[in-house]
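Notes to accompany the following structure.
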Amino acid sequence: MSDLSVQSAADVAPGLSQWQRVVNIFTAPSKTFEDIKRGHKSWWMPFIIYVVLGFVFYGVVNAKVGMGQVSENQVKLSPKTEEQMAQLTPEQREKRMKISTSITQGIFLATPVILLIMGAVISAVLLGTINFGFGGKAKFGSIFAVWMYAMLPSIIKTFLGVVVLYAGVAPESFNIKNFAPTNLGAFMNPLETNPGLYSFASSIDIITIWSLVLVGIGTALVAGVKRSSGYIASFGWWALVILVGAAMAAAFS
């Protein structure tokens, strides 16, 4: 068989199935990202997984804690907000809490749209970083697919959140912003810890770090650059975000 025939056969070879990509993210992530690099950029399977599990989690939180209690807990975790609420009349406080509860519920229900917007923004930032900062040749669609698959470890955190809820966590202590024991902040008392330190500790999350490693690998592969460049792009932006978040938490909490 001629080299031309071999090349033609490779060009028309089918890509991995969606389920193969999902499984490979946990066992051999480079195979998934190489498949994306070859032009198979479909990302609907992880998106469906996120949406389905997100609504399952919403249902469990609503049943075990309640959206009203979730909002009450967030007020308690913010001394400044709690102080402001204490100055309101009972009627004003009730109205404010209803609005807060509606917003919390709305965020849950808008999960599919939020995921797409977040993915698009992050992918655009990564695209600019890897192409202009490191001389890569990635396309937006490839980076977007990489991000969608690289976030799959987050489903483990969602499952852990469900386990925590069914294990009997007290509704009054449930923190929707840190619901699973996958980071340092989960082992701290947010009411007794400096807000900036608590925000920083909560960001040191094993699931997040796992996903960032995958983002680095995938971004480097589809862009045709060194893997170290992908790691710098993914972890560099992450470090900036957590430092800004910690500073804001210290200033406004």
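The values are calculated or read from the model by the stated rules, or taken from the named source; none is laboratory data. Computed from a predicted structure; not experimentally measured. Because the Cβ atoms are built from the backbone with ideal geometry, glycine has one as well, and the counts that use them run over all protein chains shown.
So that you can scan it fast, the table gives a plain yes or no per residue for (1) farther than 19 Å from V213 by Cα; (2) at pLDDT 95 or above; (3) not aliphatic (A, V, I, L, M):
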position: M97; (1), (2), (3): yes, no, no
position: S102; (1), (2), (3): yes, no, yes
position: V125; (1), (2), (3): no, yes, no
position: W147; (1), (2), (3): no, yes, yes
position: I155; (1), (2), (3): no, yes, no
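Could you tell me whether any residue of the stretch 226-239 is closer than 30 Å to T81 by Cβ and either aliphatic (A, V, I, L, M) or loosely packed, with under 15 Cβ neighbours inside 10 Å (or both)?
Of all residues in the stretch 226-239, those closer than 30 Å to T81 by Cβ come to 237-239.
After this cut, where a residue has to be either aliphatic (A, V, I, L, M) or loosely packed, with under 15 Cβ neighbours inside 10 Å (or both) as well, the list is 239.
Checked the stretch 226-239: at least one residue is closer than 30 Å to T81 by Cβ and either aliphatic (A, V, I, L, M) or loosely packed, with under 15 Cβ neighbours inside 10 Å (or both).
Scanning the stretch 201-225 for residues that are in contact (Cβ under 8 Å) with a residue 12 or more places away in the chain, assigned to a helix (DSSP H, G or I) and either over 26 Å from K137 (Cα atoms) or among the β-branched types (V, I, T) (or both) yields A201, S202, S203, I206, I207, T208, V213, V215, I217, T219, V222.
Looking only at residues that are of a type in the set (V, I, T) and in contact with a Phe, Trp or Tyr (Cβ under 9 Å, 6 or more places away or on another chain) in the stretch 19-35, which one is surrounded by the most Cβ atoms within 10 Å (Cβ to Cβ)?
T32
Is it true that some residue in the stretch 210-225 is over 30 Å from A28 (Cα atoms), within 17 Å of the chain's Cα centre (by Cα) and either crowded, with 18+ Cβ neighbours inside 10 Å or among the polar types (S, T, N, Q) (or both)? So that I can check it myself, show each step before the final result.
Filtering the stretch 210-225 down to residues over 30 Å from A28 (Cα atoms) leaves none.
Among the residues of the stretch 210-225, not one is over 30 Å from A28 (Cα atoms), within 17 Å of the chain's Cα centre (by Cα) and either crowded, with 18+ Cβ neighbours inside 10 Å or among the polar types (S, T, N, Q) (or both), which makes the answer no.
Counting the residues of the stretch 154-207 that are more than 16 Å from the chain's Cα centre (by Cα) and under 26 Å from P46 (Cα atoms) gives 6. Among the residues examined, L53 does not qualify as hydrophobic (A, V, I, L, M, F, W, C), surrounded by 11 or more Cβ atoms within 10 Å (Cβ to Cβ), part of a loop (DSSP other than H, G, I, E, B) and at pLDDT 85 or above.
Taken as a whole, the structure leaves T81 outside the set of residues that are at pLDDT 90 or above, β-branched (V, I, T) and assigned to a helix (DSSP H, G or I). Of the residues making up the stretch 183-222, those that are closer than 17 Å to S154 by Cβ and in contact with a Ser or Thr (Cβ under 6 Å, 6 or more places away or on another chain) number 8. Just checking, does the stretch 93-106 include any residue being in a helix (DSSP H, G or I), surrounded by fewer than 16 Cβ atoms within 10 Å (Cβ to Cβ) and under 20 Å from the mean Cα position of the chain (by Cα)? Taking every residue of the stretch 93-106 in turn, at least one turns out to be in a helix (DSSP H, G or I), surrounded by fewer than 16 Cβ atoms within 10 Å (Cβ to Cβ) and under 20 Å from the mean Cα position of the chain (by Cα).
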